[in-house]
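K.L.:
Here you go, one structure.
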Amino acid sequence: MTMDKRVVWGGAAVAVVVLGIAGWLFLGGEEAAPEPETAPVAEEPAPPPPVVKAPAEPLFPVEPPPPAPSEPPLPTLDQSDAALGAALAQLLGMPSLPEYVYPDKMVRRVVVTVDNLPRRKVAAAMRPLAPVTGKFKVTGSDQRLAISPANAARYGAYLNVMEATEVSKLVDTYLRFYPLFQQAYVELGYPNGYFNDRLIEAVDDMLDAPEVPAPVKLVQPGVLYLYADPDLEALSAGQKIMVRMGAANGARAKAWLRTLRDEVARRAAKP
């Protein structure tokens, strides 16, 4: 597959989550060091959903629009991969889903990932997309180890696609399939939860990511790079990604996410 198609499907990832958050947002967790001499450390599994009391009423209730006469009925959750994949392909003018997008359990992958983004870890086994291409770049060593300014280039093309994507059409697709996202969220362990509220919570968490001036220092106690600053290392998975992409890219991503968040909130049904 050409890089151009990979970039386009970075935008498709945005659509998948509400279209929530571009392909690079599904990386979650720390970056592995290049060519480690020791066996990789097993990734810590994402924690199970905590038992929390949901609000009596959704904060951002949505009402899916009735299907157009030309649209088929919404499929069941277990049979939704083909329909969602076709909708995303049509949205972006692509003939079909490439290998870059995991074609199975698409709705469930999105729901698990969105739920995990405000947490410390993202469940790697349930990511909707293959990891972004290119090696994570660093500079220096030992006490001077830091994220390389050149690393920001890995995210530029994905941000370009995000900014060129019409948010209102992405939200249209999200609302069309919303009952399936909600069903998957309930199955995840939130019988009284509301996925649209969790989506906005995840976006808000990323918007709250700190703006960290370069150089962002790292440590490498083993195979993985960690942030040298304990406060940065304690950030959520989504906030770590915002820091990792660099200040300029982070500002662009936040601007787009604010637009997305505002559109989803605006389209919420009024009680």
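The values are calculated or read from the model by the stated rules, or taken from the named source; none is laboratory data. Note that the coordinates shown come from a computational prediction; the quantities given were computed from them, not determined experimentally. Virtual Cβ from ideal backbone geometry, glycine too; neighbours counted across all protein chains shown.
K.L.:
Could you please find all residues in region 232-271 being touching a Phe, Trp or Tyr at 6+ places or on another chain (Cβ under 7 Å), touching a residue at least 24 places away in the same chain (Cβ under 8 Å) and closer than 18 Å to residue 211 by Cβ?
P.N.:
Matches in region 232-271: 241, 245, 249.
K.L.:
Does residue 210 satisfy the condition of being modelled with pLDDT of 95 or more, part of a loop (DSSP other than H, G, I, E, B) and under 25 Å from residue 155 (Cα atoms)?
P.N.:
yes
K.L.:
Please verify whether residue 243 is part of a helix (DSSP H, G or I) and crowded, with 16+ Cβ neighbours inside 10 Å, treating the condition exactly as stated.
P.N.:
yes
K.L.:
Ok, one more. Taking the stated definitions as given, is residue 118 of a type outside the set (Val, Ile, Thr), under 16 Å from the mean Cα position of the chain (by Cα) and in a loop (DSSP other than H, G, I, E, B)?
P.N.:
yes
K.L.:
Within region 68-90, restricting attention to residues that are at pLDDT below 90 and touching a helix residue (DSSP H, G or I) at 6+ places or on another chain (Cβ under 6 Å), which residue is farthest from residue 165 (Cα to Cα)?
P.N.:
If we take residues in region 68-90 being at pLDDT below 90 and touching a helix residue (DSSP H, G or I) at 6+ places or on another chain (Cβ under 6 Å), then 84 is farthest from residue 165 (Cα to Cα).
K.L.:
Right, residue 255: touching a helix residue (DSSP H, G or I) at 6+ places or on another chain (Cβ under 9 Å) and closer than 23 Å to residue 157 by Cα or not?
P.N.:
So residue 255 passes the test.
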